[in-house]
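All remarks here apply to the structure that follows.
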Amino acid sequence: MPALPPFSRRRFLGTAGALGATAAFGVPATARAAQNDVVPIAWGSLGSYPGTDAAGKRVTAILAGNSRYLIGPWYAGMYTRYLPDGYIDLRGTDERAIRLPAMAAVAATTALTTGTYDPRTLSAANATIRTRNLIRTLAARHRANNADTATRWGNGWQTALWAYYTALAGWLFWEKLDTAERDHLAAMLAWEADRLTTGNNVHLIGTGGEQLYMTRRDGTVVSPGDSKAEEDNWSAAALSLAAVMMPNHPGAARWTRRNVELLLAAAACPQDLTSDETINGIRLSTWLQGTNIADDGTLQNHARLHPLYMVAFDQSLYQGFVFGLANRPAPRAALHNINRTYAALVDKPFPLPGGGTSPIYRENSAEIYYPEGNDWGTHFPFYFGNFDLLVTLTGQDTGIDPAAAKWERLHNEAQLTLMSRFTDGRTYGATSENTYYGREHRIGAMAAQAYLSLFLARNTTGNRLHWT
């Protein structure tokens, strides 16, 4: 790719300035976020993480390989030109066009910032240029900064997650960004966070009509076979990052409160509806108006009991490192019912087709048993190894046998075996192994956030994964 050409940001900064507060798009008018609202990461106070422990070596190898692939061969094949305004051509505004490069940026920024990047394919200097291209283009194309309906994204079912990935990558790369790029990142994340703090309907996530619960308190199933745990989690992720990055912004208190609400709703089970427990100021029996998981810790998605969506609670546990990067404790709501769900993976028996029973985690094996099948493919060891690691780091395997550390080793060794089949850092071969078109990017985003969790838990200044 040629060197970055000079360009004008008039189109984006001009339209954003004319639009002013986000009320122009139906979101409450609040102070428009800008770079001055962001508190950069104080890396000097966080120590270092050598990654020499067994789990650290595994996760480091996964992150190094994956980020090398994504910012190397994948980027080179995907982004072949700059547009006249100087941004790369994202080739659309849908999930493929936005979420995938955002996940790639998280992987690359984490590897480059923490010194785990593998330069065999592409130098760190060139990887930095490419990574910055992803971040600045994604943020500039968000509707908070861009009035062009043909090229903008945002205000969608999943866009809070895309904004979370982009903003996380930008926060990690803050010193590499210029003033306009920082302003775009702050405005983008605040816009999506504000959308999630609008309205008084407790059954909805935000302003788009997205349901908060699969089943309401009265037993009405709002979305049969489709838990809303994952959507609640990724929306909470954007809110948590906004509150941590911009703690003095006028919206920070609202973002903080709504983050806790969505975390609790994501993992709500029927027993919670009569529980007197209070978590982060919220009494479960009073506030919760529905459920997303069963009392046994399982959940439904794609019209089946789905283990892949049980481990999607990784997004809740990532809040430990998000708050830790700001030297703050994460809300205890992020841990709610994680032990319950993990026990269902390890210890709960399910009938086998030929007779007998098996837990989802097969004994002494990296293989996963899907009691009602898996419609996403056949190979997902790191989805589970990533969750095992987070459960270990947060101590959410109390009373569960075997402990999460054993499963982390089995699953992540299986992940490294998959990667060993290729020389460029990728994980997957045949489409049938994982049918998601962002499969390599998903590995990268998980590996980055797992590594950052390890960094905060096992760095030279002591454990920074705190919960309150």
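The values are calculated or read from the model by the stated rules, or taken from the named source; none is laboratory data. It should be emphasised that the depicted structure is a prediction, and the values quoted were computed from it without experimental measurement. Neighbour counts are summed over all protein chains in view; Cβ atoms, including those assigned to glycine, are modelled from backbone coordinates with ideal geometry. We work out accessible area using only protein heavy atoms, side chains counted, and drop any ligands, DNA or RNA first. Shrake-Rupley method; radii C 1.70, N 1.55, O 1.52, S 1.80 Å.
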How far is the Cα center of segment 292-353 from the Cα center of segment 115-171, in Å? 27 Å
Under a 5 Å amide H to amide H cut-off, with H placed in plane at 1.01 Å, what residues pair with residue 350 once short-range neighbours are removed? 358
Once mean projected area of the Cα convex hull in nm² is worked out from the coordinates, which option in (i) 22.3; (ii) 23.7; (iii) 21.0 does it equal? (iii)
Modelled FRET efficiency - R0 35 Å, residue 417 with residue 126, Cβ distances, 0.05 increments: 0.75
Estimated FRET transfer efficiency (residue 39, residue 352; beta-carbon r; R0 35 Å; 0.05): 0.10
³J(HN,Hα) computed for each position of segment 370-377 - Karplus, 6.51 cos²θ - 1.76 cosθ + 1.60, integer Hz, glycine/proline x: 9, x, 10, x, 10, 8, 9, x
Taking θ = phi - 60°, what integer Hz values does the Karplus form 6.51 cos²θ - 1.76 cosθ + 1.60 yield along segment 161-176, in sequence order, with x for Gly and Pro? 5, 4, 5, 4, 4, 4, 5, 4, 4, x, 5, 5, 9, 3, 5, 8
Please give every one of the lysines within straight-line cross-link reach of residue 228, meaning a C-alpha to C-alpha distance under 25 Å, and leave out same-chain neighbours fewer than 8 residues apart. 348
Long-range amide H partners of residue 268, meaning residues 5 or more apart or on another chain whose placed amide H is closer than 5 Å, are 292, 293
Which one of 444, 51, 129 is farthest out on the positive end of the charge dipole of the chain, using unit charges on Cβ (Lys, Arg +1; Asp, Glu -1) and the Cα centre as origin? 129
Please give the Cα centre distance for segment 174-235 versus segment 376-396, rounded to the nearest Å. 24 Å
Test of understanding: given the chain, find the longest segment containing no GluC sites (Glu not before Pro) that are in a DSSP loop and have at most 16 other Cβ atoms within 10 Å. 1-276
Round to a whole number: what % of the accessible area of the chain belongs to carbon and sulfur, probe 1.4 Å? 52 percent
What is the gain in length, in nm to one decimal, between residue 398 and residue 302 on full extension, counting 0.36 nm per residue of separation less the C-alpha to C-alpha distance? 31.6 nm
Gain in length, residue 201 to residue 466, computed as 0.36 nm per residue apart minus the alpha-carbon separation, to one decimal in nm? 92.2 nm
For segment 127-140, just list the computed ³J(HN,Hα) in residue order, Karplus coefficients 6.51, -1.76 and 1.60, θ = phi - 60°, integers in Hz, with x standing in for Gly and Pro. 4, 5, 4, 5, 5, 4, 4, 4, 5, 5, 6, 4, 5, 5
Between residue 153 and residues 5 or more places away or on another chain, which pairs have amide H atoms under 5 Å apart, with H built 1.01 Å from N, and which residues are they? 142, 143
Approximate spin-label separation residue 157-residue 180, in nm, with each point projected 7 Å along Cα-to-Cβ: 3.5 nm
